[in-house]
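The values are calculated or read from the model by the stated rules, or taken from the named source; none is laboratory data. Nothing here was measured: the structure is a model prediction, and the numbers come from that model. Glycine also receives a Cβ, built like all others from the backbone with ideal geometry; neighbour counts cover every protein chain displayed. The protein model used for the area step is the full one, side chains on, heavy atoms only, and it has no ligands, DNA or RNA in it. Shrake-Rupley method; radii C 1.70, N 1.55, O 1.52, S 1.80 Å.
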Amino acid sequence: MVEEVLATSRLTLIFEEGVDENGEPQYKTKSFTTIRPTATPEELYTVAQALAALSVYPLMDVERTDTSDIVSA
C-alpha cells in the first residue's frame, strides 16, 4: 500500500506592482516556507491579510502550495 504524507506547505502572496509599457499588470510575489502543514485556509488568509497591510502594493492573490511525500506503508 502506498500513502501520501504531507511534508511541507508554502504560502505565497501575489501583489500587483504596477503596469508595464503595454498596460499589462506586473506582479511581485513573496513566499513563506515555514508554514504549519495543518494550518487552515482561514488561518492562512488572516496571516496573508496582516502581511499585506505592511506592503505598499495591493494584494491580488494568496496561494498555498503543499508538497507531499509518496511512501510505501
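Across the chain, the relative contact order, built from alpha-carbon pairs under 8 Å that are at least six residues apart, equals 53 percent.
With R₀ fixed at 22 Å, the C-beta to C-beta distance from Glu4 to Ala39 puts the FRET efficiency at about 0.75.
Protein heavy-atom accessible surface, 1.4 Å probe, per residue over the chain: 73 Å².
Here Rg and Dmax of the Cα atoms in Å was calculated from the structure, and among [x] 15.9, 54; [y] 10.8, 30; [z] 24.9, 89 it sits at label [x]. Apolar share of the accessible surface for the chain: 53 percent from carbon plus sulfur atoms, 1.4 Å probe. Mind checking the angle between helix 41-52 and the chain's longest principal axis? C-alpha axes, 0 to 90 degrees, to the nearest 10. Tilt relative to the chain: about 30 degrees.
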